[in-house]
Amino acid sequence: MALYGGVDMMDDTRVLALRDGVCVPVREIRAGDAAALQRLVARSSDRSVELRFFGPLKRLSDKQARRFAEVDGRDRFALVALDPEDPGEVVGVVRYEREPGTDAAEYAALVEDRFQDRGLGIGLTRHLIEAARANGLERLYALVMRENAGMLHLLRSLDLPERKRWEDGAEHVEIDLRPSTAA
Ligand SMILES: CC(C)(COP(=O)(O)OP(=O)(O)OC[C@H]1O[C@@H](n2cnc3c(N)ncnc32)[C@H](O)[C@@H]1OP(=O)(O)O)[C@@H](O)C(=O)NCCC(=O)NCCS
């Protein structure tokens, strides 16, 4: 399973340094992470869950958790950040899912509240973008609630061409992953 430019990283775990210097292990998601994803959602605030899932969610069902954790590494891809104090727990996850037959994929992220606004979401997203490009994607899009300042700010901070439109009560934000053609 290729993560960075075709290098086989399947069993590798990288370290991402947060703004406050805390180092967080990061790796591709594995099928065995399903229960840890359920615990991440259970530990997350109602607000974070609502922003991620567009509504309340008592718990991530076994079926949803399995679907999120089982990826093919190409059209469906996700990275998890592990709790540096307890590597059995997932504290952040970013994912993309390709629209079948296109070069576009939907992107989504969830960072545990106590790890938010420390640089984890954007760090994970930058790594996800490297993988998306290596897997032939040219566009990522996210559906973002208008009041989700954190996500809107993160997407802008990527410094990639961005197109926004209002769709079904949410901002549809599309990020262009192609190398800049600007001189
Ligand atoms: C949105 C989310 C993934 C962002 O991850 P994060 O780790 O908190 O964000 P980062 O610390 O990487 O911040 C990225 C940028 O956004 C800014 N930011 C973060 N939270 C912010 C907030 N609430 N308001 C304004 N700006 C914010 C950061 O200052 C940083 O800006 P910079 O690049 O100019 O320094 C995370 O907050 C989260 O999981 N929220 C709940 C679920 C959600 O909204 N998911 C997205 C659904 S599409």
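Every number here is computed from the coordinates shown, using simple stated rules; none is lab data. Computed from a predicted model, the values in this text were never measured in an experiment. Counting neighbours? That spans all protein chains shown, and the Cβs are built from the backbone with ideal geometry, glycine included.
Here are some notes:
- Top-ranked residue in region 123-163 [being touching a His at 6+ places or on another chain (Cβ under 9 Å) and within 13 Å of the ligand (Cβ to nearest atom); ranked as nearest to L51 (Cα to Cα)]: V144
- Output for region 154-183, where each listed residue is assigned to a helix (DSSP H, G or I) and either more than 24 Å from G119 (Cβ to Cβ) or in contact with a helix residue (DSSP H, G or I) (Cβ under 9 Å, 6 or more places away or on another chain) (or both): L154, L155, S157
- Some residue of region 97-105 being in contact with a Phe, Trp or Tyr (Cβ under 7 Å, 6 or more places away or on another chain) and of a type in the set (V, I, T): no
- Residue list for region 149-168, restricted to those being in contact with a Leu (Cβ under 9 Å, 6 or more places away or on another chain) and over 26 Å from D75 (Cβ atoms): G150
- Pairs linking a residue in region 142-157 that is more than 18 Å from G169 (Cα to Cα) and in contact (Cβ under 8 Å) with a residue 12 or more places away in the chain to a residue that is within 6 Å of the ligand (Cβ to nearest atom) and of a type outside the set (V, I, T), with Cβ atoms under 9 Å and 6 or more positions apart or on different chains, are L154/A109; L154/G121; L155/A142.
- If the condition is being more than 6 Å from the ligand (Cβ to nearest atom) and either of a type in the set (D, E) or within 20 Å of E162 (Cβ to Cβ) (or both), then region 104-122 contributes A104, A105, E106, Y107, E112, D113.
- Check on V91, farther than 28 Å from D168 by Cα and in contact (Cβ under 8 Å) with a residue 60 or more places away in the chain: yes
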